[in-house]
Amino acid sequence: MASWNSIPLEITYEVLGWTAFLSWSISFYPQVILNFHRKSVVGLNLDFVLLNLTKHSSYLIYNASLYFSSAIQKQYYEKYGYGEMIPVAANDVAFSIHAVLLTAITLFQIVIYDRGSQKVSKTAIAIVSAVWLFAAACFFIALPNHSWLWLISIFNSIQVFMTVIKYIPQAVMNFTRKSTDGFSIGNILLDFSGGLTNYAQMVVQSIDQGSWVNFYGNIGKTLLSLVSIFFDIIFMCQHYVLYPGKKAQVSPKLIEENREPLIKPSDHPESENV
């Protein structure tokens with residue numbers, strides 16, 4: 001089992017890891033708080049939340065399995081070498097647990113708060129269903145030969161796939177509404193910070209070990225950071241550049257209808273008594 005060669009780099013690694021953990025963990029709260037104050041989730045794409053829950057659940061399975069299972073760790077060493085370090089830290093596991101919990105709370109807010117006309121799309125439901133059916137099939141494939149490292153790599157691939165697609169519904173919705181109203185930018189800023197520090201943590205470990213297997217040995221973590229950063233930049237551009245301070249557009253026809261009185265005066269009023 002590999003050990004750190006440099007104490008300063010080890011300390012830097014831990015600081016960056018827990019900074020990423022705090023940034024990513026806190027990033028869930030601005031949206032939850034915004035929903036609570038508004039008593040509404042209008043502006044928050046429901047597909048985004050559902051896909052996000054599947055993403056974080058898959059990531060939790062991967063992180064917890066690789067971190068706690070000695071059998072899976074043994075398979076990892078046999079594949080990548082006993083001189084390598086396990087590419088999952090305690091902060092990764094802690095983050096995943098917290099992420100699943102907070103995303104579930106957001107999903108509960110969607111159930112109890114005003115959603116307007118927003119619905120979870122059939123496409124999102126189909127994707128989530130297909131993903132979990134695929135994962136179940138892979139479990140039974142891995143069971144006979146105890147190919148657990150291969151199995152959790154499937155969950156890692158699932159979380160990468162979900163990370164790639166989960167942002168798309170929200171980005172499209174912001175573009176369609178020409179507004180980010182209802183979608184917390186605080187979430188994005190903290191997510192962006194977490195992505196940068198998470199990537200920096202992996203770089204520090206690679207420098208210390210003199211090996212970049214940390215990146216392709218845990219390709220999910222690498223892509224997670226890069227994809228998150230890419231979409232966070234898109235959301236920041238939408239919020240600060242394209243639609244700064246704009247409320248969601250409402251059609252003029254709807255505005256005019258809202259101005260009309262509930263009871264219209266009669267077209268033929270009765271003559272006044274003389």
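Things worth noting here:
- Screening the candidates Lys74, Lys79, Lys55, Lys39 for the property of being surrounded by 14 or more Cβ atoms within 10 Å (Cβ to Cβ) and basic (Lys, Arg) yields one hit, Lys55.
- Within the range 81-121, being under 12 Å from Leu46 (Cβ atoms) and out of contact with any Leu (no Cβ under 9 Å at 6 or more places or on another chain) holds for Val111, Tyr113, Gly116, Ser117.
- Residue satisfying all of: in the range 145-184; part of a helix (DSSP H, G or I) and polar (S, T, N, Q); farthest from the chain's Cα centre (by Cα) among these: Thr176
- If you go through the range 20-46 and pick out every residue that is closer than 19 Å to Gly116 by Cβ and not in a loop (DSSP other than H, G, I, E, B), you end up with 9.
- The range 185-206 residues that are without any contact (Cβ under 8 Å) to a residue 12 or more places away in the chain, paired with ones that are open to solvent by 40 Å² or more (accessible area, probe 1.4 Å) (beta carbon under 7 Å, 6 or more apart): Ser206/Trp212
- Checklist (1) more than 28 Å from Leu190 (Cα to Cα); (2) surrounded by fewer than 19 Cβ atoms within 10 Å (Cβ to Cβ) applied to Tyr113, failing item: (1)
- Filter result (part of a helix (DSSP H, G or I), among the hydrophobic types (A, V, I, L, M, F, W, C) and either open to solvent by 40 Å² or more (accessible area, probe 1.4 Å) or within 12 Å of Leu16 (Cβ to Cβ) (or both)) within the range 185-214: Leu189, Leu190, Phe192, Leu196, Ala200, Met202, Val203, Val204, Ile207
The values are calculated or read from the model by the stated rules, or taken from the named source; none is laboratory data. As the structure is a prediction and not an experimental result, all values here were calculated from the model. In this analysis, Cβ positions are derived from the backbone assuming ideal geometry, glycine residues included, and neighbour counts consider all displayed protein chains. Just so you know, the surface numbers come from the protein's heavy atoms only, side chains and all, with ligands and any DNA or RNA stripped out. Shrake-Rupley method; radii C 1.70, N 1.55, O 1.52, S 1.80 Å.
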